[in-house]
Amino acid sequence: KLYMRIGIDLDGVIFDSEKLYRIYSELYDIQDLKKNSLKNNKEIRFQDRYSWSDEETNGFVKKYHRKITEVSNFMPGAKDVISLLKEEGHTLIVITARGKLNKDLIPVTIQRLKDNNLDLFEKYYWGTDNKEEICKQEKIDLMIDDSNTNCQKIANSHIHTIYLKDAPSFDIKENEYLKVLYNWGEIYRYINEIEKDK
């Protein structure tokens with residue numbers, strides 16, 4: 001059996017928080033800011049979707065960041081598949097940008113994982129800008145992320161990468177190292193296929 005070192009992002013991969021960011025950023029733009037600042041709906045980060053000033057961005061973070069972290073659902077199937085992967089002997093490592101804008105989200109996240117029996121990770125990398133470097137450093141065999149930019153960079157380093165795609169996000173061209181998938185069932189199938197190929 002092949003045991004893999006699997007890197008896993010949090011927002012939009014384990015937690016369905018990206019959908020809530022999309023919803024609340026729209027409400028904030030229309031209701032709080034009373035304007036239409038939408039630039040590009042395909043951008044994954046709310047900071048890139050709107051032409052907000054730093055002050056407006058901080059206002060959104062202050063109002064919604066913690067709330068989204070506390071109430072976002074787990075992605076369908078994430079708990080089951082992550083538990084299975086751990087049971088099967090894979091090493092799981094969280095590699096996330098979460099905590100960069102607000103360090104208070106880290107203990108909240110750790111508690112939510114613990115409460116849901118998902119404190120199954122060997123290591124946590126918080127507030128990460130350069131996921132590709134950490135993947136190399138940790139000898140990651142497979143990274144799961146929902147950012148097309150991160151996925152392309154990581155795949156370019158010849159690390160197998162799953163782009164977990166949401167409807168409004170950018171399309172991406174698959175290659176030997178880069179696979180586009182849409183849910184945790186597909187992720188589990190793909191991991192089993194990689195194992196067979198090795």
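Every helix of 4 or more DSSP H residues in the chain counts as -39500 (n - 2.57), and over all residues that averages to -12500 deg cm²/dmol at 222 nm. Each Lys and Arg contributes +1 and each Asp and Glu -1, all at the Cβ; summed about the Cα centre of the chain, the dipole is approximately 240 debye. Given the options T69, T128, T161, which has the most mean-square fluctuation in a GNM of the chain, springs set between C-alpha atoms less than 10 angstrom apart? Answer for the Gaussian network model of the chain: T128.
Bridging of K67 to aspartates and glutamates at a Cα separation below 18 Å is possible for D11, D16, E18, E26, D29, D32, E56, D104, D115, once same-chain residues fewer than 8 apart are set aside. Going by a ≥ b ≥ c, the root eigenvalues of the Cα gyration tensor, does the range 88-146 fall in the rounded group (a/c under 1.5), the prolate group (a/b larger than b/c) or the oblate group? Oblate shape, in that a/c is at least 1.5 and b/c is the bigger or equal ratio.
Annotation for the range 113-186: trypsin sites (Lys or Arg not before Pro) lying in DSSP loop with at most 16 further Cβ atoms inside 10 Å of their Cβ are K139, K173. The antiparallel fraction among DSSP beta bridges confined to the chain stands at about 15%. For the range 133-146, the Karplus equation 6.51 cos²θ - 1.76 cosθ + 1.60, evaluated at θ = phi - 60°, returns couplings of 4, 5, 4, 5, 4, 8, 6, 5, 8, 8, 10, 10, 9, 10 Hz by residue, with Gly and Pro reported as x.
DSSP loop GluC sites (Glu not before Pro) in the range 121-175 with at most 16 other Cβ atoms within 10 Å of their Cβ, which ones? Of the GluC sites (Glu not before Pro), the ones in loops of the range 121-175 whose Cβ has at most 16 other Cβ atoms within 10 Å are E122, E174. Diagonalising the gyration tensor over the Cα atoms of the chain and scaling each eigenvalue by 5 before taking the square root yields semi-axes of 29, 19, 14 Å, largest first. Convex hull volume of the C-alpha atoms in the range 3-54, normalised per residue: 87 Å³. Note: relative contact order over the range 60-138, using C-alpha pairs below 8 Å and six or more positions apart, is 37 percent. Applied to the range 8-25, the Karplus parametrisation 6.51 cos²θ - 1.76 cosθ + 1.60 on θ = phi - 60° returns per-residue 3J(HN,Hα) values of 10, 6, 9, 6, x, 10, 8, 9, 7, 6, 4, 5, 5, 4, 4, 5, 5, 5 Hz, with x for Gly and Pro. For the listed residue pairs K42/K63; K62/K86; K39/K131; K100/K139, the alpha carbons are over 28 angstrom apart in K62/K86.
Throughout, read-outs are computed from the coordinates displayed, never taken from laboratory work. As the structure is a prediction and not an experimental result, all values here were calculated from the model. Cβ atoms come from the backbone with ideal geometry, glycine included; neighbour counts cover every protein chain shown.
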